[in-house]
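Working notes, beginning with the structure itself.
What follows draws every value from the coordinates through simple rules; no lab data is involved. Since the model is a prediction, treat every value here as computed from it, not as a measurement. Here the Cβ positions follow ideal geometry from the backbone for every residue, glycine too, while neighbour counts run over all protein chains shown.
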Amino acid sequence: MGDKKPPEFVIDNQSPYYLHPSDAPGAIITAIKFDGKNYELWEKVVTMALTAKNKIALIDGTIQKLEIKKGEYSLEANAWIIVNSMITSWILNVIDQKLHASIAHAIQSSYLGEH
């Protein structure tokens, strides 16, 4: 009776953690590619696309990566990692390839919110 289980972590189709079967790392979320000169336009269309996909909370910091202790496992932390990786792929897909080498190691989904 005294043992309380933590609330179950469930991902439904309204959750920012939800990935539709058509979501893939190779998806192009907008026709506008960042070319080093068009950041304002690119940021606006990427933000709109991620809002439409219900992923903006991972960009604007509303949902942050959970810190877990070494050796522990968290379904929510794992879901964050998976969705963050997908968002990072989508962002890289809409950046000109000549810029990939200069940003590939630094990019993460929160990248847009920092500018």
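Hey, can you grab everything whose amide H is under 5 Å from the amide H of Phe34? Only 5+ residues off in sequence or another chain; H modelled, so Pro and N-termini drop out.
Those lying under 5 Å, H to H, from Phe34 are Ile95, Asp96.
Once you have a ≥ b ≥ c as the square roots of the Cα gyration tensor eigenvalues for the stretch 1-105, tell me rounded if a/c is under 1.5, and otherwise prolate or oblate according to whether a/b is larger than b/c.
prolate
Add +1 for every Lys or Arg and -1 for every Asp or Glu among the other residues with Cβ under 13 Å from the Cβ of Trp42, and state the total.
Net of charged neighbours comes to -1.
In whole Hz, what ³J(HN,Hα) sequence does the stretch 67-81 give by Karplus (6.51, -1.76, 1.60; θ = phi - 60°), x for Gly and Pro?
8, 10, 6, 4, x, 8, 10, 9, 4, 5, 4, 5, 4, 4, 4
Name the GluC sites (Glu not before Pro) in the stretch 48-91 that are in a loop by DSSP and that have at most 16 other C-beta atoms within 10 Å, would you?
Answer by residue number: Glu67, Glu72.
Sorted from fewest to most neighbouring beta carbons within 10 Å, what does the list Tyr18, Tyr73, Tyr39 look like?
Working: Tyr18 15, Tyr73 7, Tyr39 12.
Ordered by Cβ neighbours within 10 Å, fewest first: Tyr73, Tyr39, Tyr18.
Under the Karplus relation 6.51 cos²θ - 1.76 cosθ + 1.60, θ = phi - 60°, what is the ordered set of whole-Hz ³J(HN,Hα) values for the stretch 89-98, x standing for Gly and Pro?
Those phi angles translate into 4, 4, 5, 4, 5, 10, 10, 3, 4, 5 Hz.
Using 1/(1 + (r/R0)^6) with R0 = 25 angstrom and r between the beta carbons of Asn13 and Leu66, what's the FRET efficiency to the nearest 0.05?
After rounding, the FRET efficiency stands at 0.70.
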